[in-house]
Amino acid sequence: MMNSLQQMAEQCEKEGIAFWEMVLQNDMSDRLVSREASMQQMQQMYRTMWEADASYDPKLHSASGMVGGDGEKIRRAREQGVLASGDWIGLVMEKAVKMGESNACMRRIVAAPTAGACGVVPAVFLSMQEKYHYTEEKMLEALYVSAGIGAVIAERAFIAGASGGCQAEIGTASAMAAGGCAYLLGGDAEAIIHAAAMALKNLLGLVCDPVAGLVEVPCVKRNVIGAVNAVTTADLAIAGVRSHIPPDEVIDAMRSVGRLLPSSLRETGEGGLAATPEGIRISRNLR
Amino acid sequence: MNIFDIVGPIMVGPSSSHTAGAVRIGYITRRLLGEPVIRAEIGLCGSFLATGKGHGTDKALVAGLLGLAVDDMRIPESFEMAKKQGLSFRFTAEEIPEAHPNTAHLKVEGASGQKLDIVAASVGGGRMKVCSIDGITAEFYGECPTLVVQDRDEPGQVADMTTMLAQANINIATMQLYRDVRGGVAVTVIECDQEVPRESLHWLAERDGILKVTYLSMEEAPV
């Protein structure tokens with residue numbers, strides 16, 4: 001069972017296998033499927049992410065009208081070279097927003113771990129592949145890393161905003177992307193789990209306060225912070241920086257913070273940004 | 001939960017519980033009816049009612065009733081599809097005490113006049129749970145072959161069902177019994193490890209005291 005990042009990393013070391021390999025083997029025994037069947041399914045996930053990114057339509061707007069067109073704005077700004085964070089981080093931001101917008105506009109996406117956070121993992125993965133030209137095989141291995149991290153978080157804590165706030169959704173997605181990114185950069189199991197831990201730490205306490213209860217504001221833009229945070233914490237791990245708090249304990253802290261959150265800050269659309277005068281006005285106009 | 005619940009599912013947005021779960025509710029209802037739906041009255045409760053429109057819950061439920069899967073790109077156009085395929089529907093606001101916040105109450109009628117009344121909830125991550133059938137409690141998730149039998153609450157009915165399954169060499173995964181009142185209508189929900197053959201279902205439906213046999217197959221349904 002995948003319920004401890006620390007134990008998984010230790011077992012990888014003991015058995016001399018990669019983190020992704022352990023997650024894959026776990027899936028094979030858990031669902032009684034062949035290696036090929038599992039890999040094929042993961043390939044379908046990655047290709048669907050790619051297609052969703054490539055088929056972004058800047059003209060689409062969500063039913064409420066709040067979401068649409070921002071991904072195209074970032075693309076143009078990137079083209080003009082006006083972004084302080086530079087072209088590649090700009091690319092990560094662009095992809096994160098595009099996927100979040102596509103989701104809000106009822107396009108096909110891959111929930112990872114949820115639909116609201118679906119932009120984080122693909123933004124990091126697709127941008128990494130564009131930059132370093134990894135093979136698809138390598139990308140799938142990294143997706144197993146992400147899936148393993150997400151599975152541990154789901155086991156020890158939660159991955160739904162209604163259960164633990166946005167930290168459970170964007171926070172988990174960011175931890176998943178960070179671990180995958182650290183693997184792509186050559187990190188071992190220890191680097192992977194510390195990248196994930198640092199990513200999650202940075203987003204602890206993030207509340208789920210969607211305006212009018214919709215997966216739009218602030219969800220789409222939070223995909224950006226989840227994705228960029230994943231890149232920076234993967235970089236920290238590659239540089240040798242480690243989380244002082246052990247990764248499993250960080251996840252447990254996320255759980256206890258989530259349990260302390262009042263229900264008004266857990267997807268009900270009753271607190272935070274949803275409860276601002278403007279948030280209330282938007283919500284009223286939609287009824 | 002497996003790793004493809006973490007990286008996945010592939011779905012049409014924006015919300016796994018308000019959109020994907022709603023498609024599943026419509027889809028399982030359509031499969032339980034066993035024929036194309038021509039009329040549907042859909043009651044929305046709780047959060048489905050409050051935020052359903054913005055999440056496309058209404059379109060998702062209708063898409064499911066048409067037999068579309070959660071990743072079908074035609075979900076946003078389901079209302080137009082329904083019109084073309086002869087499915088008329090209407091939505092109502094409904095209050096069901098103690099119900100899960102994401103609950104729908106569907107009253108559907110099929111092409112041959114068959115009727116079905118389902119209350120189902122979207123329970124997160126795109127999963128759904130049937131809560132009642134034809135007004136009687138019956139809980140199942142629609143993730144394995146499921147046999148739902150309504151019968152007169154009399155001795156021996158369950159024996160008929162299990163005999164039928166044993167003869168078809170089908171293993172029972174879970175089994176639940178419900179009834180409205182003593183000696184009234186009982187509902188038996190049997191989740192199976194294998195598909196139940198059509199002939200066995202016919203045999204069961206003909207037995208004395210069996211009022212209605214509804215079966216959910218996991219095999220691909222024609223859309």
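The values are calculated or read from the model by the stated rules, or taken from the named source; none is laboratory data. This one's a predicted model, so the numbers in the text were calculated from it and none came from an experiment. Note: ideal-geometry Cβ built from the backbone for every residue, glycine included; neighbour counts use all protein chains shown. Note: areas computed on protein heavy atoms with side chains; ligands, DNA, RNA excluded. Shrake-Rupley method; radii C 1.70, N 1.55, O 1.52, S 1.80 Å.
Here are some residues: A:Gly279, A:Gly258. Which one is open to solvent by less than 40 Å² (accessible area, probe 1.4 Å), part of a helix (DSSP H, G or I), touching a residue at least 40 places away in the same chain (Cβ under 8 Å) and under 28 Å from A:Met198 (Cβ atoms)?
Values: A:Gly279 fails: under 28 Å from A:Met198 (Cβ atoms).
Among A:Gly279, A:Gly258, only A:Gly258 is open to solvent by less than 40 Å² (accessible area, probe 1.4 Å), part of a helix (DSSP H, G or I), touching a residue at least 40 places away in the same chain (Cβ under 8 Å) and under 28 Å from A:Met198 (Cβ atoms).
Those residues that are assigned to a loop (DSSP other than H, G, I, E, B) and surrounded by 12 or more Cβ atoms within 10 Å (Cβ to Cβ), I need them from the stretch B:83-110; list them, please. Full working, then the answer.
Applying the first criterion (assigned to a loop (DSSP other than H, G, I, E, B)) to the stretch B:83-110 yields B:86-87, B:94-102.
Within the stretch B:83-110, B:Leu87, B:Glu94, B:Ile96, B:Ala99, B:His100, B:Pro101, B:Asn102 qualify.
Tell me the residue from A:Gly150, A:Gly186 that is under 24 Å from A:Ala18 (Cα atoms) and either among the polar types (S, T, N, Q) or assigned to a helix (DSSP H, G or I) (or both), please. The conditions single out A:Gly150.
Evaluate the following for A:Ala52: is it in contact with a Ser or Thr (Cβ under 7 Å, 6 or more places away or on another chain) and either without any contact (Cβ under 8 Å) to a residue 12 or more places away in the chain or open to solvent by less than 40 Å² (accessible area, probe 1.4 Å) (or both)?
Details: in contact with a Ser or Thr (Cβ under 7 Å, 6 or more places away or on another chain): yes; either without any contact (Cβ under 8 Å) to a residue 12 or more places away in the chain or open to solvent by less than 40 Å² (accessible area, probe 1.4 Å) (or both): yes.
So A:Ala52 passes the test.
Restricting attention to the stretch B:61-75, which residues are more than 10 Å from every other protein chain (Cβ to nearest Cβ) and either in contact (Cβ under 8 Å) with a residue 12 or more places away in the chain or closer than 22 Å to B:Cys45 by Cα (or both)? Reasoning before the result, please.
Residues of the stretch B:61-75 that are more than 10 Å from every other protein chain (Cβ to nearest Cβ), as a first pass: B:61-69, B:74.
Those that are more than 10 Å from every other protein chain (Cβ to nearest Cβ) and either in contact (Cβ under 8 Å) with a residue 12 or more places away in the chain or closer than 22 Å to B:Cys45 by Cα (or both): B:Leu61, B:Val62, B:Ala63, B:Gly64, B:Leu65, B:Leu66, B:Gly67, B:Leu68, B:Ala69.
Could you say which residue among A:Asp87, A:Asp57 is over 23 Å from B:Gly125 (Cβ atoms), part of a loop (DSSP other than H, G, I, E, B) and more than 10 Å from chain B (Cβ to nearest Cβ)?
Working: A:Asp87 fails: part of a loop (DSSP other than H, G, I, E, B).
Residue meeting the stated conditions: A:Asp57.
Filter the stretch B:178-223 down to the residues that are among the β-branched types (Val, Ile, Thr) and open to solvent by 80 Å² or more (accessible area, probe 1.4 Å), then identify the one that is farthest from B:Glu109 (Cα to Cα). It would help to see each step written out before you state the result.
Keep residues of the stretch B:178-223 that are among the β-branched types (Val, Ile, Thr), which gives B:181, B:185, B:187-190, B:196, B:210, B:213-214, B:223.
Still in the running and open to solvent by 80 Å² or more (accessible area, probe 1.4 Å): B:181, B:223.
Working: B:Val181: 26, B:Val223: 17 Å.
Among residues in the stretch B:178-223 that are among the β-branched types (Val, Ile, Thr) and open to solvent by 80 Å² or more (accessible area, probe 1.4 Å), the one farthest from B:Glu109 (Cα to Cα) is B:Val181.
For B:Arg39, state whether it is open to solvent by 20 Å² or more (accessible area, probe 1.4 Å), under 27 Å from B:Ile190 (Cα atoms) and either away from every other protein chain (no Cβ under 12 Å) or part of a helix (DSSP H, G or I) (or both).
Numbers: open to solvent by 20 Å² or more (accessible area, probe 1.4 Å): yes; under 27 Å from B:Ile190 (Cα atoms): no; either away from every other protein chain (no Cβ under 12 Å) or part of a helix (DSSP H, G or I) (or both): yes.
The answer is no for B:Arg39.
Output the residues belonging to the stretch B:43-60 that are surrounded by fewer than 24 Cβ atoms within 10 Å (Cβ to Cβ), in contact (Cβ under 8 Å) with a residue 40 or more places away in the chain and aliphatic (A, V, I, L, M). Of everything in the stretch B:43-60, those that are surrounded by fewer than 24 Cβ atoms within 10 Å (Cβ to Cβ), in contact (Cβ under 8 Å) with a residue 40 or more places away in the chain and aliphatic (A, V, I, L, M) turn out to be B:Leu44, B:Leu49.
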